[in-house]
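S.K.: Sharing a structure, written as structure tokens. Questions coming.
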Amino acid sequence: MEPIDKPTVLNVSGLTKHFTLPSGDKVAAVCDIDIDILHSEIFTILGPSGCGKSTLLRCIAGLETPDKGDISMRGKPVFSSRRGLDTPPQKRQIGMVFQSYAIWPHMSVFENAAFPLRCLKPRMSDETELTNKVMLALSKVEMDGLADRQANKLSGGQQQRLALARAIVAGASLVLLDEPLSNLDARLRRQMRLELKRLQQDLDISILFVTHDQEEALSLSDRIAVMDQGAIRQIGTPREIYYRPENRFVAEFIGITNRIEAEQQVEASGQLVLQTAFGPWKLDGVPKGLMLVNSSMGEKIEIFVRPENITVSKTPSAAPGWICKVGAIEFMGFRQQIMLLSDGGVLTAQADANERFSTGDRVYVDIAVSNHPEKSTDNLEEPVS
Ligand SMILES: Nc1ncnc2c1ncn2[C@@H]1O[C@H](COP(=O)(O)OP(=O)(O)OP(=O)(O)O)[C@@H](O)[C@H]1O
Ligand SMILES: [Mg+2]
């Protein structure tokens with residue numbers, strides 16, 4: 001579901017930022033980036049370490065001056081290199097939650113949340129109104145009971161909620177979160193993810209979230225932009241990114257570990273056969289996954305397949321039926337991941353946990369294919385298991 005009819009909260013266009021190192025070398029941290037964040041959506045920038053995520057966020061917040069480009073908030077320009085406009089951070093009405101310095105540890109929870117109001121010019125003179133505003137924001141994030149507690153005596157999740165309360169007090173309709181869950185343990189991370197989604201819906205705010213964790217991005221986001229070396233490689237819903245990656249970088253980054261090179265041939269009977277290093281593959285449909293460079297016959301194509309779309313059996317069965325040897329087995333609870341070895345290379349498959357395989361077993365490979373290639377949404381369906 002694409003929330004296309006919602007108003008745009010943030011528009012970034014042609015944003016570029018280089019850093020110059022002491023040696024004089026230039027680092028292209030952000031290269032010609034275009035994004036639109038819609039009202040009430042969680043938009044995630046997903047990419048590997050060093051790809052420019054934090055720099056992009058800092059440019060949007062006004063903490064870093066871009067070399068080129070335009071940024072506007074609700075249609076109002078806040079940065080424009082052409083027009084020499086650079087609105088200071090405190091006037092952009094953007095909340096920021098950076099786990100490492102989200103809060104002031106020496107202040108109470110109340111004073112941390114009240115900070116944006118204390119900075120107002122002219123000063124807010126009505127203390128009762130200030131208290132009411134702060135307590136309302138704290139109650140929205142269920143922190144009103146901890147108003148007097150010193151902020152350094154909070155858990156990571158509570159600190160994050162406090163930072164969100166401060167963003168609410170500041171009247172922010174867009175909150176930037178730079179890897180806010182990275183300091184939490186796995187269980188708390190999952191819990192905070194759900195909590196964040198609930199809060200975002202309750203508060204009806206937009207969130208621009210940064211992470212390098214694909215599971216976090218897929219579970220939390222309305223839309224994801226996959227970033228690599230300062231540029232955006234694909235923008236889409238979690239399902240589009242997961243099932244229809246548009247290029248090799250996105251495919252590999254989100255965990256499609258099997259890449260099979262093939263040459264297409266058509267037999268006299270009209271049967272399409274892919275010649276691969278693992279053996280021939282008589283194809284009756286389109287492999288569930290991604291096919292790149294599907295140009296003219298005889299040219300090489302690349303097929304990316306998820307482990308969950310490759311199954312194995314000990315008896316000859318479905319296509320392509322390549323014979324492999326079990327190289328390693330990884331127990332994953334209700335499933336097991338199986339590394340398959342052959343002269344053609346290595347594949348990763350999955351099987352039900354109750355099927356018994358041993359290292360060295362000879363097995364037959366079965367790759368799920370879709371029989372409805374004409375349906376454009378077909379690859380957006382859940383993978384067959
Ligand atoms: N102040 C700086 N001076 C020089 N280079 C910088 C500076 N800040 C960032 N960089 C470089 O710019 C690139 C992008 O850095 P950035 O911090 O935006 O990456 P990131 O995607 O947030 O990475 P991580 O996931 O590790 O936080 C990196 O190559 C980094 O080394
Ligand atoms: Mg970063």
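S.K.: Which is farthest toward the positive dipole end of the chain among VAL141, GLY279, ILE338, measuring Cα position about the Cα centre, with Cβ charges +1 (Lys, Arg) and -1 (Asp, Glu)?
M.R.: VAL141
S.K.: Now for a different question. Is the shape of region 76-231 best called rounded, prolate or oblate, per the rule: a/c under 1.5 gives rounded, else a/b larger than b/c gives prolate, else oblate, with a ≥ b ≥ c the square roots of the Cα gyration tensor eigenvalues?
M.R.: Working: a/c = 1.95, a/b = 1.13, b/c = 1.73.
Verdict is oblate for region 76-231.
S.K.: Return the aspartates and glutamates within reach of LYS6: Cα separation strictly under 15 angstrom, same-chain partners fewer than 8 residues apart disregarded; answer none if there are no such residues.
M.R.: Leaving aside aspartates and glutamates fewer than 8 places away in the same chain, those within reach of LYS6 are ASP36, GLU41, ASP204, ASP222.
S.K.: Helix 127-140 versus the longest principal axis of the chain: what angle, 0 to 90°, nearest 10, using Cα atoms?
M.R.: 20 degrees
S.K.: Please label the shape of region 1-151 as rounded, prolate or oblate, based on the square roots a ≥ b ≥ c of the eigenvalues of the alpha-carbon gyration tensor (a/c under 1.5 means rounded; beyond that, a/b larger than b/c means prolate, else oblate).
M.R.: prolate
S.K.: Can you give the angle from 0 to 90° between the axis of helix 156-169 and the longest principal axis of the chain, with both taken from C-alpha atoms, to the nearest 10?
M.R.: Helix 156-169 sits roughly 60 degrees off the main axis of the chain.
S.K.: What is the packing order of peptides 148-157, 337-346, 16-25, taking the mean over residues of other C-beta atoms within 10 Å and listing the highest first?
M.R.: The densest-packed peptide leads the list: 337-346, 148-157, 16-25.
S.K.: Taking the Cα atoms only, what angle lies between the long axis of helix 109-118 and the longest principal axis of the chain, rounded to 10 degrees?
M.R.: Between the helix axis and the principal axis of the chain, the angle is about 70 degrees.
S.K.: If each of MET332 and ASP284 carries a label point 7 Å out from its Cα toward its Cβ, how far apart are those two points in nm?
M.R.: About 2.6 nm separates the two model spin labels.
S.K.: Next up: Longer than 26 Å from Cα to Cα, which of LYS17/LYS76; LYS17/LYS133; LYS26/LYS91; LYS91/LYS133 are they? Say none if no pair is.
M.R.: Beyond 26 Å between Cα atoms: LYS17/LYS133; LYS26/LYS91.
S.K.: Could you sort the peptides 69-76, 234-241 by per-residue average Cβ neighbour count (10 Å cutoff), highest mean leading?
M.R.: Numbers: 69-76: 17.0, 234-241: 19.5.
Highest to lowest by the protection proxy: 234-241, 69-76.
S.K.: I would also like to ask the following. What FRET efficiency would be calculated for the residue pair LEU194, SER23, taking the C-beta separation as r and a Förster radius of 45 Å, to the nearest 0.05?
M.R.: 0.50
S.K.: Still on this model: Could you calculate the contour length gain from THR65 to GLU263, that is, 0.36 nm times the residue separation minus the distance between their Cα atoms, to one decimal place in nm?
M.R.: Contour length minus the Cα-Cα distance gives 66.4 nm.
S.K.: OK, next. Contact order normalised by length for region 8-252, with contacts defined as Cα pairs under 8 Å and 6 or more residues apart; what percent is it?
M.R.: Details: 483 pairs, mean separation 64.0, N = 245.
Dividing the mean separation by the residue count of region 8-252 yields 26 percent.
S.K.: On full extension of the chain, what length is gained from ASP86 through LYS300, given 0.36 nm per residue of separation minus the C-alpha to C-alpha distance?
M.R.: 72.1 nm
S.K.: Just order 325-332, 200-207 by mean Cβ neighbour count inside 10 Å, highest at the front, would you?
M.R.: Numbers: 325-332: 13.4, 200-207: 18.0.
Output ranking for 325-332, 200-207: 200-207, 325-332.
S.K.: Once the Cα gyration tensor of the chain is diagonalised, what are the square roots of 5 times its eigenvalues, in whole Å and ordered largest first, as equivalent ellipsoid semi-axes? Show your work: numbers first, answer last.
M.R.: Numbers: eigenvalues 460, 122, 62 Å².
Value: 48, 25, 18 Å, ordered largest first.
S.K.: 222 nm [θ] for the chain, helices only, -39500 (n - 2.57) per DSSP H run of 4+, per residue, to 500?
M.R.: It comes out at -6500 deg cm²/dmol, rounded to the nearest 500.
S.K.: Run the quick spin-label model on ARG248 and SER317: label points 7 Å from Cα toward the beta carbon, then report their separation in nm to one decimal.
M.R.: Going from the ARG248 label point to the SER317 one covers 3.2 nm.
S.K.: Using a simple charge model, +1 on the beta-carbon of Lys and Arg, -1 on the beta-carbon of Asp and Glu, nothing else, what dipole does the chain show about its Cα centre, in debye to the nearest 20?
M.R.: Approximately 1080 debye in magnitude.
Taken together, the values in this text are just the output of simple stated rules run on the coordinates, not laboratory data. Since the structure is predicted, the reported quantities are computational estimates derived from the model, not experimental observations. A quick note on method: Cβ atoms are made from the backbone with ideal geometry, for glycine too, and the neighbour counts reach across all protein chains shown.
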